[in-house]
Amino acid sequence: MALNISGAIEGSFQLIGGNFATAGEASTQLKLKLTNLGVHEDIIRRAAIATFEAEMNVIIYAAAGRLHYYITQQSIKIRVEDMGPGIEDISLAMQEGYSTAPEWVREMGWGAGMGLPNMKKNSDKFSIDSVVGEGTTVEMVINFS
Ligand SMILES: Nc1ncnc2c1ncn2[C@@H]1O[C@H](COP(=O)(O)OP(=O)(O)OP(=O)(O)O)[C@@H](O)[C@H]1O
Ligand SMILES: [Mg+2]
């Protein structure tokens, strides 16, 4: 089914480190937007998983961040940038099961070390860039067909 988007729809959400009370809000809002646009549910699910994992990482590891989305007829692009500690070894962080989540985060059910691998798995294009002491940027593209 063709989507009814002329040009592009874009926006952003602010993410605040440690704010578990509002965790998942950005991905929920984005999911609603994609649903209203008539995007296929399989695509919405992939976008929701990828966005939620990226959002959680900012909340868990960084002081603050922002999630930008850019929706066109063809795809959704998501960019999540944070002001956090950065990642020293990206290839290690990308490994399934690798996590530095502290005990109190694990007690909340996080820290399986699956977030980044799942973001990659659910995206058609995935890139991550990080500078230690400055922050991390994740970019994901999910095609609509
Ligand atoms: N935005 C970020 N800033 C700093 N470090 C990060 C960030 N995102 C991920 N990391 C580092 O990469 C590791 C792996 O991240 P990933 O999301 O795959 O797993 P996790 O967050 O530890 O567990 P899960 O996502 O399964 O709850 C993290 O434990 C952390 O060390
Ligand atoms: Mg994670």
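Quick look at the values:
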{"item": "Stokes-Einstein diffusion coefficient of segment 83-128, Kirkwood radius over Cα pairs, 20 °C, 1.002 mPa s, in µm²/s", "result": "186 µm²/s"}
{"item": "Distant-in-sequence amide H partners of S75 (H built 1.01 Å from N, under 5 Å)", "result": "F144"}
{"item": "Proxy reagent accessibility, fewest Cβ within 10 Å first, across T35, T72, T51", "result": "T35, T72, T51"}
{"item": "Angle between the chain longest axis and helix 41-61 axis [Cα atoms, degrees, rounded to 10]", "result": "30 degrees"}
{"item": "Cα long-axis angle, helix 25-36 against the chain (0 to 90 degrees, to the nearest 10)", "result": "20 degrees"}
{"item": "Integer Hz, Karplus 6.51/-1.76/1.60 couplings in order for segment 129-145, x for Gly and Pro", "result": "9, 8, 10, 4, x, 10, x, 10, 10, 10, 10, 9, 10, 10, 7, 7, 8"}
{"item": "Fraction of the pair-distance distribution of the chain above 22 Å, Cα-Cα pairs, percent", "result": "35 percent"}
{"item": "Neighbour-count ranking [beta-carbon atoms within 10 angstrom, fewest first] of F144, F20", "result": "F20, F144"}
{"item": "Integer Hz, Karplus 6.51/-1.76/1.60 couplings in order for segment 74-80, x for Gly and Pro", "result": "9, 7, 10, 10, 10, 10, 10"}
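Taken together, the values in this text are just the output of simple stated rules run on the coordinates, not laboratory data. On a predicted model such as this, the values are computed, not experimentally measured, just so you know. Positions of Cβ are backbone-derived with ideal geometry, glycine not excepted, and every protein chain shown enters the neighbour counts.
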